[in-house]
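Read the structure below first, then the notes.
The values are calculated or read from the model by the stated rules, or taken from the named source; none is laboratory data. Note that the structure is a prediction, hence the values are computed from the model and not measured. Positions of Cβ are backbone-derived with ideal geometry, glycine not excepted, and every protein chain shown enters the neighbour counts.
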Amino acid sequence: HVLVDGDEAGKKYAATVRSLLNNDREEEREHLTALPALDMEHFMYRQGFADVFHRVAQLPPNVPMNTRKIITKAIHRSSKPDLAIEVAMEAGRRGIDAVPPLFRKMFSRVVWLARGRAD
């Protein structure tokens, strides 16, 4: 299974996956997930984890700053891997309902494929 960002590079990766799947929509549904955001950070920010980005960036919750700058500041204050860990830890604290539905669906598919559905 392939997870791609919604940016130009992600669209190219998705096109490669589609071509490998002979543009079969059913196979695509089982083997490709595209984020409806530029990247993982923007996706998670919009999925209820903005407070984590603000905390890591050391910014107040209602700061008049665009999302891209907040995310960039958070990455500069830590790193992409550390920021991902912070978001994952917060999701763990909040429980299963904090996991975005897109991810729950993708993980379910991956488990299904791993249990022998995959060719």
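So, in the range 23-66, how many residues would count as being under 16 Å from the mean Cα position of the chain (by Cα) and acidic (Asp, Glu)? So the answer is 2.
Yes or no: Gly6 under 17 Å from the mean Cα position of the chain (by Cα), part of a helix (DSSP H, G or I), surrounded by fewer than 18 Cβ atoms within 10 Å (Cβ to Cβ) and modelled with pLDDT of 95 or more? Taking the combined requirement at face value, the residue does not satisfy it.
Annotation for the range 22-40: at least one member residue is in contact (Cβ under 8 Å) with a residue 12 or more places away in the chain, in a helix (DSSP H, G or I) and within 16 Å of Val99 (Cα to Cα). Restricting the range 76-108 to residues that are in a loop (DSSP other than H, G, I, E, B) and of a type outside the set (S, T, N, Q), the residue that is nearest to the chain's Cα centre (by Cα) is Pro100.
Checking the structure you have, find out if any residue of the range 63-72 is surrounded by 17 or more Cβ atoms within 10 Å (Cβ to Cβ), out of contact with any Pro (no Cβ under 7 Å at 6 or more places or on another chain) and among the basic types (Lys, Arg). For the range 63-72, residues surrounded by 17 or more Cβ atoms within 10 Å (Cβ to Cβ), out of contact with any Pro (no Cβ under 7 Å at 6 or more places or on another chain) and among the basic types (Lys, Arg): absent.
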